[in-house]
Amino acid sequence: MGSRRNFPAVIPLQLSCLCIFSLLLSAAMAWPHQYFPTTSLRVGFYSSTCPPAEAIVRKAVDKFVSLNPGLAAGLIRMHFHDCFVRGCDASVLLDSTPGNIAEKDSPVNNPSLRGFEVIDKAKSQLEAICPNKVSCADILAFAARDSASKVGGIHYDVPAGRRDGLVSQASDVLLNLPAPFFTAQQITDSFAKKGLSLDEMVTLSGAHSIGVSHCSSFSNRLYSFNATSPMDPSMDPAYAAFLKTKCPPPSTARSAPDPTVPLDSLTPNRLDNRYYVGLMMKRGLLTSDQTLLSSPSTSWAARNNAMYSSIWAAKFARAMVHMGSVEVLTGRKGEIRRNCHVIN
Ligand code: HEM
Ligand SMILES: *[C@@H]1O[C@H](CO)[C@@H](O)[C@H](O)[C@H]1NC(C)=O
């Protein structure tokens with residue numbers, strides 16, 4: 001009863017609170033932009049400053065990926081490699097300079113990382129239309145999304161407003177990105193350091209349902225596994241035999257060829273959950289792939305992704321958005337690079 005009697009008295013209080021709040025809000029919004037910096041990412045960030053931004057990126061991705069579907073894999077991987085090293089700040093796009101080896105020239109990225117020309121194309125078109133407005137980091141996040149949409153039918157909105165970093169050091173790369181020989185625990189730890197959960201890690205590994213790996217990233221599993229067994233017993237022997245026809249034994253010769261093979265042998269050009277089905281057939285290409293199924297901590301998540309394709313796709317979209325927010329620069333931090341290869 002008491003609460004009923006109190007009820008009418010609450011309304012004026014709420015109204016006055018609302019009133020004060022909206023006053024504060026409108027005052028804040030009337031401030032010049034630099035005193036009210038955006039500190040988080042937002043969908044539609046360019047709707048007033050450069051309305052065609054996302055469409056231009058999408059068109060560039062469409063064109064390049066139609067000619068070479070492998071570039072979709074390249075762009076999704078590039079976004080991951082950007083976000084895990086100094087946050088999603090386009091540090092991966094900066095060129096080396098005299099006295100500084102940039103991230104892109106770490107052996108992790110060079111020569112395997114691909115898709116730079118897609119970003120360059122979108123950036124030059126955007127600079128022509130809305131100079132100095134759209135960050136390279138956002139272009140990369142959009143391009144990864146458009147790639148997932150084109151080769152996987154996975155659609156999601158990308159919150160934007162990332163700004164471009166000023167630093168890129170090759171030595172940061174190995175310290176922050178998981179390696180193909182990592183155990184499930186090591187991979188989980190590496191993602192946890194970026195605020196990503198075990199389930200997000202297993203889900204994002206599904207990106208290995210497209211693209212390729214160089215033989216050097218896994219040929220130890222074929223030729224030099226350990227002292228007693230040259231082959232990794234967690235790999236299907238028929239698949240291993242097939243891979244041996246593609247990959248020569250590791251050689252120390254500098255000019256030794258290093259061919260590539262599809263990461264997902266079932267549907268190599270389609271971003272889907274067949275990658276996890278491949279793991280159940282012992283056809284994970286990298287140690288870090290197969291271990292998701294063989295490790296108790298991750299196998300439940302991997303098996304679920306193998307079974308429920310649309311649930312995996314929805315989780316993948318959400319996890320990409322989360323990964324795209326890792327350690328971002330916003331507001332007045334960083335800059336909008338004019339050329340993604342160099343700081344302004
Ligand atoms: C879980 C830990 C991960 C490890 C250890 C790992 C490692 C690797 C390695 C070694 C390659 C092959 C590079 C080469 O030799 O050419 C590769 C390729 C690739 N990775 Fe990952 N990766 C991981 C997670 C991810 C994530 C989270 C994504 C994206 C969301 C991703 C996307 C890709 C793609 C698309 C390719 C194929 C690239 C191409 O064809 O150009 N990876 N990864
Ligand atoms: C080599 O690997 C096999 C299979 O995992 C294992 O049973 C064996 O103990 C390993 N040998 C050595 C020397 O580590």
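The values are calculated or read from the model by the stated rules, or taken from the named source; none is laboratory data. Bear in mind that the values here come from a model prediction, so they are computed numbers and not experimental data. FYI the Cβ positions are ideal-geometry reconstructions off the backbone, even for glycines, and counts take in every protein chain you see. Ligands, DNA and RNA are excluded from the accessible area calculation, which covers all protein heavy atoms including side chains. Shrake-Rupley method; radii C 1.70, N 1.55, O 1.52, S 1.80 Å.
Things worth noting here:
- Single residue of the range 96-115 satisfying the filter (of a type outside the set (A, V, I, L, M) and in contact with a helix residue (DSSP H, G or I) (Cβ under 7 Å, 6 or more places away or on another chain)) that is farthest from GLY70 (Cα to Cα): SER96
- Test for ASP199: is it more than 16 Å from ligand 1 (Cβ to nearest atom), in contact (Cβ under 8 Å) with a residue 24 or more places away in the chain, within 23 Å of VAL326 (Cα to Cα) and outside any loop (DSSP other than H, G, I, E, B): no
- Residue match in the range 73-84 (condition: away from ligand 2 (no atom under 16 Å from the Cβ), more than 19 Å from ALA317 (Cα to Cα), open to solvent by less than 70 Å² (accessible area, probe 1.4 Å) and at pLDDT 95 or above): no
- Unique residue being among the β-branched types (Val, Ile, Thr), open to solvent by 50 Å² or more (accessible area, probe 1.4 Å) and either under 22 Å from the mean Cα position of the chain (by Cα) or within 21 Å of ALA306 (Cβ to Cβ) (or both) when the list is VAL212, VAL261: VAL212
- Matching residues, the range 96-145, being charged (D, E, K, R), crowded, with 24+ Cβ neighbours inside 10 Å and closer than 21 Å to PHE45 by Cα: LYS123, ASP138, ARG145
- Of residues in the range 229-258 being within 16 Å of ligand 2 (Cβ to nearest atom) and part of a loop (DSSP other than H, G, I, E, B), the one surrounded by the fewest Cβ atoms within 10 Å (Cβ to Cβ): SER229
- Filtered residues of the range 206-226 (kept if in contact with a Pro (Cβ under 9 Å, 6 or more places away or on another chain) and within 16 Å of ligand 2 (Cβ to nearest atom)): PHE218, ASN220, LEU222, TYR223, SER224, PHE225
- Looking across the range 57-67 at every residue that is surrounded by fewer than 21 Cβ atoms within 10 Å (Cβ to Cβ) and either within 14 Å of ARG145 (Cβ to Cβ) or charged (D, E, K, R) (or both), the one that is nearest to the chain's Cα centre (by Cα) is identified as ARG58.
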